[in-house]
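Take a look at the structure set out below.
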Amino acid sequence: MLGQRIRITDSWTDQANCKGKTELFFEGRHEKPSERRRREAKAAKVCADCPVIYQCRMFARENGEYGFWGGESDDERWQLGYLKNHTIARRHKARVSRAALKESKNRVDDSIS
Ligand code: SF4
């Protein structure tokens, strides 16, 4: 497998454990960081015993995919240097930062009231 480019059309997707569970693997609209952490923890459990985790992870890394693939979040791929499209990646990071700020503000508001 090393040195071979992995494509989404390859048959590995037929063996995916996540079939029918798309909502666990992609960010929902207006998702809070805490909701994201919970969703991704559930997704990681689905990936943990998936027979095609290697192919899936490498596909996402090579193609700069967003969402949770092969047991990795897009933030983890970003940290490892796999998200190459800087415009999209910057927008994504800004969205994550805004959501984190909003959540921390809500926690402060809750502690005051
Ligand atoms: S590793 Fe995870 S995201 Fe990839 S096919 Fe398997 S269950 Fe789906």
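Could you list, in sequence order, the residues of segment 46-55 that are over 14 Å from L24 (Cβ atoms) and crowded, with 17+ Cβ neighbours inside 10 Å?
The answer is V52, I53, Q55.
Can you tell me which residue among E65, E103 is in a helix (DSSP H, G or I), touching a helix residue (DSSP H, G or I) at 6+ places or on another chain (Cβ under 9 Å) and not β-branched (V, I, T)?
E103 is the lone residue from the list that is in a helix (DSSP H, G or I), touching a helix residue (DSSP H, G or I) at 6+ places or on another chain (Cβ under 9 Å) and not β-branched (V, I, T).
Out of the residues in segment 68-100 meeting the condition of being of a type in the set (D, E, K, R), assigned to a helix (DSSP H, G or I) and at pLDDT 75 or above, tell me which one is farthest from the ligand (Cβ to nearest atom).
Only one residue fits best here, namely R98.
Please verify whether A60 is at pLDDT below 95 and outside any loop (DSSP other than H, G, I, E, B), treating the condition exactly as stated.
Answer is yes for this residue.
Out of everything in segment 44-54 that is more than 7 Å from the ligand (Cβ to nearest atom) and assigned to a helix (DSSP H, G or I), what residue ends up being nearest to F68 (Cα to Cα)?
So the residue we want is A44.
The values are calculated or read from the model by the stated rules, or taken from the named source; none is laboratory data. Not measured: the values here are computed from a predicted model. Neighbour counts are summed over all protein chains in view; Cβ atoms, including those assigned to glycine, are modelled from backbone coordinates with ideal geometry.
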